[in-house]
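A short worksheet on the structure shown next.
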Amino acid sequence: MTVWSVIGAGVAGLSVASELVSRGAKVQIFDPSGPPGPHGCSWWAGGMLAPWCEFENAEEPVLRLGKAAFEWWTTRTRVEQRGTLVVANPRDLPDLRRFARRTGGYTEISQAEIANLEPDLTSLTKGLHFTDEAHLNPRQALRDLHRQLLDQGVGFHRKLAPTQLENAIDCRGLHAREVLHDLRGVKGEMLVIRCPDVTLTRPVRLLHPRMPLYIVPRGDGVYMLGATMIESEDSSRITARSMLELLSAAYALNPAFGEAEVLEIGVDLRPAFPDNLPRIRRLGHTIYANGLYRHGYLLAPALAQGVADLALDNKHSEMVDEDRA
């Protein structure tokens, strides 16, 4: 029986392995960094399954392919479907109207309706509620995939993959750039804070002229604040400006965030192709699956299904880069 070797144990690699196993394939995984952890950029993600919100500044496939992510993830980890709330301070309502024009799938809501959904947001007069969107905890999702694959007999090798592997699927993100020369890194910065004085039950996006903010609840008063998108490949540290803007935007959402405890600071590089859409390429004996950009958890299911279609049935999905395959 053919053994497929997945290289990389981030969200792309684990999702590809999970999809292959679900179709009866035999799989092994290579990653010298070991199980999922802070070494991978998917560890620092927001985990929002928000195809309509992301469509505001993304290409059409992000919306269409992202709609299927909810069903895929619910069979593998816990998903909270409470929608996404998009809001703006009164002076920034033109930004809210612009956001609404560029997307769909929302209900316009009043100040009273915002307060009914999230009682700790009482100063905002208008918003958009994307009722069909959802979110998950990225770290728990990675752990769940890892555990399920172990239970299904997938072998994990904490070492570099052999150089002459046949039937290899490369999901290494930016580490594959020596082959995928049009891949670039986009810097993202985020904070994890604890603020027991604020209770939010769904992702909230605050439209802000300098630093649009999203805040995702992790439970027990813990929130993820994110995230910057900087065309830079310096992932060493967060900038003072980014930290100031993220915290200032959270404070504008609710002043109680001013008393929050900063638990973690995350900086990493998202792998992206020029059009910010993922690609699948077959070069020799290796299939390359890469370029999830800021849509890791939203588009990983579609990427995984496209890889499985190509690997097992030689079926080319729209993600397959025909010109380079």
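The values are calculated or read from the model by the stated rules, or taken from the named source; none is laboratory data. This one's a predicted model, so the numbers in the text were calculated from it and none came from an experiment. Cβ: placed from backbone, ideal geometry, glycine included. Neighbour counts: every protein chain shown. Side chains are part of the model used for accessible areas, which takes the heavy atoms of the whole protein and leaves out ligands, DNA and RNA. Shrake-Rupley method; radii C 1.70, N 1.55, O 1.52, S 1.80 Å.
Test of understanding: in a Gaussian network model of the chain with alpha carbons linked when under 10 Å, which of Trp72, Trp52, Trp43 would top the mean-square fluctuation ranking? Checking each option, the largest mean-square fluctuation is seen for Trp72.
Sites counted here are GluC sites (Glu not before Pro) in a DSSP loop (not H, G, I, E or B) having no more than 14 other Cβ atoms within 10 Å; the longest part of the chain that contains none of them is 60-165. Between the amide H of Ile287 and those of Ala168, Ile169, Asp170, distances stay under 5 Å, these residues lying 5 or more places away or on another chain, with hydrogens modeled in the peptide plane. A 1.4 Å probe run over the protein chains yields, for the stretch 199-325, 43 Å² of accessible area per residue, whole-number rounding.
Can you tell me which of Asn116, Asn137, Asn290 moves the most in a GNM of the chain? Springs connect C-alpha atoms under 10 Å apart. Most flexible of the set in this elastic network: Asn116. The share of accessible area on the stretch 1-115 that comes from carbon and sulfur is 50 percent, using a 1.4 angstrom probe. Reported to the nearest whole Å, the Cα centre-to-centre distance from the stretch 239-269 to the stretch 294-308 is 29.
Available extension along the chain between Ser22 and Glu71 is 16.2 nm, counting 0.36 nm per residue and deducting the alpha carbon span. Of the solvent-accessible surface of the stretch 126-240, computed with a 1.4 Å probe over protein heavy atoms with every protein chain present, carbon and sulfur atoms account for 48 percent. Sorting 25-36, 82-93 by average packing, meaning the other beta carbons within 10 Å per residue, from highest down gives 82-93, 25-36. Overall, the chain carries a charge dipole of about 260 debye about its Cα centre when +1 sits on the Cβ of Lys and Arg and -1 on the Cβ of Asp and Glu, all other atoms neutral.
Once the 1.4 Å probe is applied to the protein heavy atoms, the stretch 76-152 comes out at 49 Å² accessible per residue. Relative contact order of the stretch 1-40, taken over Cα pairs closer than 8 Å and 6 or more residues apart, is 48 percent. Against the chain, whose longest principal axis comes from its Cα atoms, helix 138-151 is set at around 30 degrees. On the basis of the beta-carbon distance and an R0 of 22 Å, Ser33 and Asp182 show a calculated FRET efficiency of 0.35.
Between Asp144, Asp220, Asp268, the GNM of the chain built on Cα springs shorter than 10 angstrom shows Asp220 fluctuating the most.
With contacts taken as Cα pairs under 8 Å at a separation of at least 6 residues, the stretch 1-141 carries a relative contact order of 26 percent. Here each label is just a point 7 Å from Cα along the line to Cβ, and for Ser236 and Asp151 those points are 4.4 nm apart. Here the sum of -39500 (n - 2.57) over DSSP H runs of 4 or more residues, divided by the residues of the chain, equals -8000 deg cm²/dmol at 222 nm, to the nearest 500.
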